Amino acid sequence: MCHIRNHLGPITHLLSGLLPLTWHAALRGAPPHPGLVALCAFLALAADLDSGASHVGRLFPFLSEAIERRFGHRTITHSLLCTGAVAATTWLLFPQGWIWLTAAYASHLVLDMIVGTEGVPLLWPGSWRFYVAQVRPASTGEAIITALLALGCLLPIVWPPAAAATAAIIPRPSTS
């Protein structure tokens, strides 16, 4: 169990990044493109590119080390500025899926405002740090968050009536 808890962070980030796309696909009644799923998974982890110790940082050590050396961990890549850059870039490169890709990236910031003690500098380069909660990483609290996210991702897949019931309560624009 301890080994799993050491990997909760990336698993939790992946699930939070895939949650909006999963529900969108269920509500649409069509599976998402596998490439979009892969990009959402990557972008859900991408904010940690500023740490050489992170999973994504180990994939791109040259970039990770440069960002960490220049700015530090949980700084520029955990800001609304960087989220805006991700939104603009994905809008240009993936006009059909940019909203899900940006949501996957932003989910990382939201999760870091819940799990951890450092908070997130949303208004970087300002030094203010934002928190929603301070759940200790690799704790029972994070395990519960991970389980809830997993349930949220699986629910519309294994129980389609949940997606149908959700679709029924979403307001639709009138056609008249």
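The values are calculated or read from the model by the stated rules, or taken from the named source; none is laboratory data. If you're wondering where the values come from, they're calculated on a predicted model, not measured in any experiment. Note: ideal-geometry Cβ built from the backbone for every residue, glycine included; neighbour counts use all protein chains shown. Surface accessibility is based on the protein's heavy atoms, side chains included, excluding ligands, DNA and RNA. Shrake-Rupley method; radii C 1.70, N 1.55, O 1.52, S 1.80 Å.
Quick notes on this one:
- Criterion: polar (S, T, N, Q), at pLDDT below 95, over 16 Å from Leu15 (Cα atoms) and exposed (fewer than 13 other Cβ atoms within 10 Å of the Cβ) - qualifying residue of Ser139, Ser127: Ser127
- Evaluation of Asp48 against (1) surrounded by fewer than 19 Cβ atoms within 10 Å (Cβ to Cβ); (2) of a type outside the set (Lys, Arg); (3) over 28 Å from Trp159 (Cα atoms) (one fails), failing number: (1)
- Leu81 vs. criteria surrounded by fewer than 13 Cβ atoms within 10 Å (Cβ to Cβ) and at pLDDT 95 or above: no
- The listed residue being loosely packed, with under 14 Cβ neighbours inside 10 Å and β-branched (Val, Ile, Thr), out of Ile144, Ile76: Ile144
- Test result for Ala133, among the small types (Gly, Ala, Ser) and in contact (Cβ under 8 Å) with a residue 60 or more places away in the chain: no
- Close pairs (7 angstrom Cβ cut-off, 6 or more residues apart or separate chains): within 24 Å of His78 (Cα to Cα) in the stretch 32-44, of a type in the set (Val, Ile, Thr) anywhere: Leu43/Val86
- Selection of the stretch 100-123 for residues being closer than 28 Å to Ala38 by Cβ, part of a loop (DSSP other than H, G, I, E, B) and open to solvent by 20 Å² or more (accessible area, probe 1.4 Å) yields only Leu122.
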